[in-house]
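Working notes, structure below.
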Amino acid sequence: MTTPCIITVAITGSVPRKKDNPALPVSVAEQVESTQQAFEAGATLVHLHVRNDDETTSSDPERFARVLAGLRKHCPGMIVQFSTGGRSGTGHERGGMLPLKPDMASLATGSVNFPSRIYENSPELVDWLAAEMIKYGVKPEVEAFDLSMIFQAVTMARDGRIKAPLHVQFVMGIKNAMPVDREVFEFYVRTLKRLAPDATWTGAGIGKDQFTLARWSLELGGHCRTGMEDNVRLDRDTLAPSNAALVARVAELCAEHGRRPATAAEARKLLSLPAASAG
Ligand code: ZN
């Protein structure tokens with residue numbers, strides 16, 4: 001039997017609402033509604049950034065708490081992952097919402113150039129975020145923007161700074177970082193399997209090649225990420241009307257590859273997360 005696919009939906013991200021992404025959910029109510037639709041379309045993990053009332057990016061734990069409460073109510077069992085990315089504030093501010101104990105949080109294990117800035121993750125900050133995640137029982141999703149970040153994650157798991165088994169997301173397609181490249185992608189997968197055989201992984205393609213990366217991930221036994229944070233188009237000519245539409249597209253790709261979207265309970269088991277508590 002093939003492994004069911006955990007579909008992650010990155011609903012919002014940090015780019016402003018614009019003409020090419022009018023359906024981007026920004027308010028708390030929009031975020032909860034958009035996630036619920038994506039959940040019903042087959043997503044079982046939501047990657048979350050939050051905004052202030054003026055739509056600027058926010059690191060306010062109170063805002064995260066409000067969205068989390070809505071998601072717990074409307075998306076039973078769904079895995080909630082908070083972003084600790086650079087747009088959620090600076091320095092330790094980026095982990096200020098971890099005491100809310102989401103199921104997971106993103107953890108970049110190194111620095112990388114982004115389109116117009118450095119995504120800065122100093123060793124001190126990475127260690128601090130990882131320690132906070134252990135303290136609050138939050139599973140990290142390692143964001144690997146290049147090969148060194150995979151090695152760093154494996155080292156951290158070996159010396160106890162990250163609780164094993166690892167979950168790693170290979171990110172490709174960000175301008176100035178690693179492009180979408182099949183040979184490198186296969187090397188990532190092979191390297192992770194060699195160094196951490198019990199690890200799980202997701203392929204995340206940013207921008208126009210998102211579904212290419214989804215296909216490769218399905219083919220090689222990994223999991224998929226989609227959502228308006230990463231890609232706003234269903235194809236070259238069609239804007240995605242919702243996060244759910246992008247998730248539905250990935251669910252179709254699952255079927256084409258003899259896979260199916262995981263249920264929330266299956267996704268939790270695959271990621272070694274505790275079963276969702278009832279109510
Ligand atoms: Zn993000």
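The values are calculated or read from the model by the stated rules, or taken from the named source; none is laboratory data. Quick caveat: nothing in here was measured; it's all calculated off a predicted structure. Note that we place each Cβ from the backbone using ideal geometry, even for glycine, and neighbour counts take in every protein chain shown. Note: accessible area is taken over every heavy atom of the protein model, side chains too, but ligands, DNA and RNA are not part of it. Shrake-Rupley method; radii C 1.70, N 1.55, O 1.52, S 1.80 Å.
A few comments on the model shown:
- Taking every DSSP bridge with both residues inside the chain, close to 15 percent are antiparallel.
- Pairs over the 31 Å Cα-Cα cut-off, from the set LYS18/LYS135; LYS73/LYS135; LYS139/LYS208: LYS18/LYS135.
- For the range 120-217: rounded, prolate or oblate by the Cα gyration tensor [a/c cutoff 1.5]: prolate
- Of the GluC sites (Glu not before Pro) found in the range 1-66, those that fall in a DSSP loop while having at most 13 other beta-carbon atoms within 10 Å are GLU55.
- Calculated FRET value between ASP237 and GLU266, using beta carbons and R₀ = 35 Å, to 0.05: 0.50
- 222 nm mean residue ellipticity, helices alone, for the chain (DSSP H n ≥ 4; -39,500 (n - 2.57); rounded to 500): -11000 deg cm²/dmol
- Protein heavy-atom surface of the chain, 1.4 angstrom probe: 54% of the accessible area is carbon and sulfur, with nucleic acids and ligands not counted.
- Placed amide H near CYS5: partners under 5 Å, 5+ positions off or other chain: ARG260, ALA262
- Average accessible surface for the chain: 43 Å² per residue, computed with a 1.4 Å probe over protein heavy atoms with every protein chain in place.
- The 3J(HN,Hα) values that the Karplus relation (6.51, -1.76, 1.60; θ = phi - 60°) gives for the range 13-30 are, in residue order, x, 10, 7, x, 6, 9, 5, 8, 9, x, 8, 4, x, 10, 6, 4, 4, 5 Hz. Gly and Pro appear as x.
- Shown in residue order for the range 228-235 are the 3J(HN,Hα) couplings computed by the Karplus curve 6.51 cos²θ - 1.76 cosθ + 1.60 at θ = phi - 60°: 6, 4, 9, 7, 10, 10, 7, 7 Hz (x for Gly and Pro).
- The length gained on full extension between ASP159 and SER27, counted as 0.36 nm times the residue separation minus their Cα-Cα distance, comes to 43.5 nm.
- Put simply, the amide H of ALA105, placed in the peptide plane, has neighbours under 5 Å in PHE82, LYS139, GLU141, leaving out anything fewer than 5 places away on its chain.
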